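Chemist: One structure follows; several queries about it will come next.
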Amino acid sequence: MNIATLPAAEGADTFCEGALLLPVHGVRGGEAYAVQDWVAEEVPVALEFNGISHAVMLATPLDLEDFALGFSLSEGILDAPHELYSVEIAPSDLGITVRLQVSSAAFTRLKQRRRTIAGRTGCGLCGTESLAHVSRELPVLGDAVAMDRQAIARAMSQFQSLQTLQQATGAVHAAAWCSAAGEVMWLREDVGRHNALDKLIGALASNDVDASAGFIAVTSRASFEMVQKTAMAGVPLLAAVSAPTSFAVATAERARLTLVGFARKDDLAVYSHPERVTTVGRDFTSTGSRAH
């Protein structure tokens with residue numbers, strides 16, 4: 001069978017940060033081909049706090065300063081951004097080490113927790129030492145301005161055009177902070193959905209954004225840890241493209257967070273605290289189960 005050499009994938013002649021241009025062979029329309037295409041980078045990223053290794057994550061090596069700050073805040077290591085004194089990025093042949101210098105109070109909290117996480121990409125609990133560490137104390141979110149369901153639809157519709165790395169590779173998640181009007185204001189991408197959200201939280205914190213004035217939208221399912229991180233950031237609503245889990249719903253109820261799933265085009269499903277979503281003349285009263 002003859003192998004056609006196709007032109008590089010669209011945009012492949014342009015540098016794509018967070019991706020590598022690699023040779024790809026395949027079959028299209030019954031014909032074999034060879035092409036240069038972008039593949040999302042995934043590297044081990046080690047987080048060190050005051051010289052002590054704490055976690056190794058598989059992540060896209062972009063926005064690592066945001067990642068370091070967001071992870072530290074969403075995991076409760078830092079109480080506030082000012083407790084992070086400095087961040088140093090140190091690449092090596094094995095991966096990337098992110099060295100954080102934090103306040104003595106933050107470092108004491110970290111040592112007390114004695115939590116180690118290795119390669120968390122799925123369950124979100126790898127390395128957790130006991131059940132008591134799973135459902136940690138969360139802030140109870142106060143009253144917030146109700147979000148129009150059309151604003152949520154508007155935000156979700158903007159994702160595709162703003163996900164530059166996803167467009168190039170088809171392999172990454174995104175998390176975005178959106179205004180109450182549904183405009184995507186901040187967006188971060190990563191191969192891991194938790195990492196993308198941590199990067200977003202870090203960006204919001206470092207830029208003094210009032211996160212409670214809008215909502216977070218994600219291109220993934222809504223796991224309980226995505227809910228925990230959103231609540232820790234003080235954001236009152238999390239909208240996900242896919243489904244939540246029962247633990248995520250229970251966590252959202254506990255934190256008074258509005259959890260929205262299946263947010264696609266004009267459709268959505270609200271699983272907790274629906275009072276924050278205006279329905280434009282419709283209610284959420286259901287007479288039967290919904291087909292996914």
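Chemist: Calculate, in nm to one decimal, what ASP208 and GLU253 gain on full extension: separation in residues at 0.36 nm each, minus their alpha carbon distance.
Modeler: Numbers: separation 45, 0.36 × 45 = 16.20 nm, distance 2.69 nm.
Full extension of this stretch gives 13.5 nm more.
Chemist: Using only protein heavy atoms and a 1.4 Å probe, report how much of PHE247 is accessible, in Å² to the nearest 10.
Modeler: About 80 Å², rounded to the nearest 10.
Chemist: For LYS111, give me every one of the aspartates and glutamates with a C-alpha distance below 17 angstrom, ignoring sequence neighbours fewer than eight places off in its own chain.
Modeler: Reachable aspartates and glutamates: GLU48, GLU75, ASP79, GLU83, GLU129.
Chemist: Continuing with this model, one more query. Taking the mean number of other Cβ atoms within 10 Å as a proxy for protection, how do you rank 106-113, 161-168 from highest to lowest?
Modeler: Details: 106-113: 15.6, 161-168: 17.1.
With the highest mean Cβ count within 10 Å placed first, the list reads 161-168, 106-113.
Chemist: Another one. Across the Cα atoms of segment 154-226, what radius of gyration and what greatest pairwise Cα-Cα distance (Dmax) are found, in Å?
Modeler: 11.5, 32
Chemist: Same structure again: What order do you get for 268-278, 173-183 when each peptide is scored by the mean count of other beta carbon atoms within 10 Å, highest first? Numbers along the way, then the final one.
Modeler: Details: 268-278: 18.5, 173-183: 21.3.
Put in order of decreasing packing, that is 173-183, 268-278.
Chemist: Run through segment 30-71 and list the GluC sites (Glu not before Pro) located in a DSSP loop whose Cβ has at most 11 other Cβ atoms within 10 Å.
Modeler: On the way: sites: GLU31, GLU41, GLU42, GLU48, GLU65; in loops: GLU41, GLU42.
Nothing satisfies the criteria.
The values are calculated or read from the model by the stated rules, or taken from the named source; none is laboratory data. Keep in mind the model is a prediction, meaning the values are calculated, not measured. Cβ: placed from backbone, ideal geometry, glycine included. Neighbour counts: every protein chain shown. Only protein heavy atoms, including side chains, enter the accessible area calculation; ligands, DNA and RNA are left aside. Shrake-Rupley method; radii C 1.70, N 1.55, O 1.52, S 1.80 Å.
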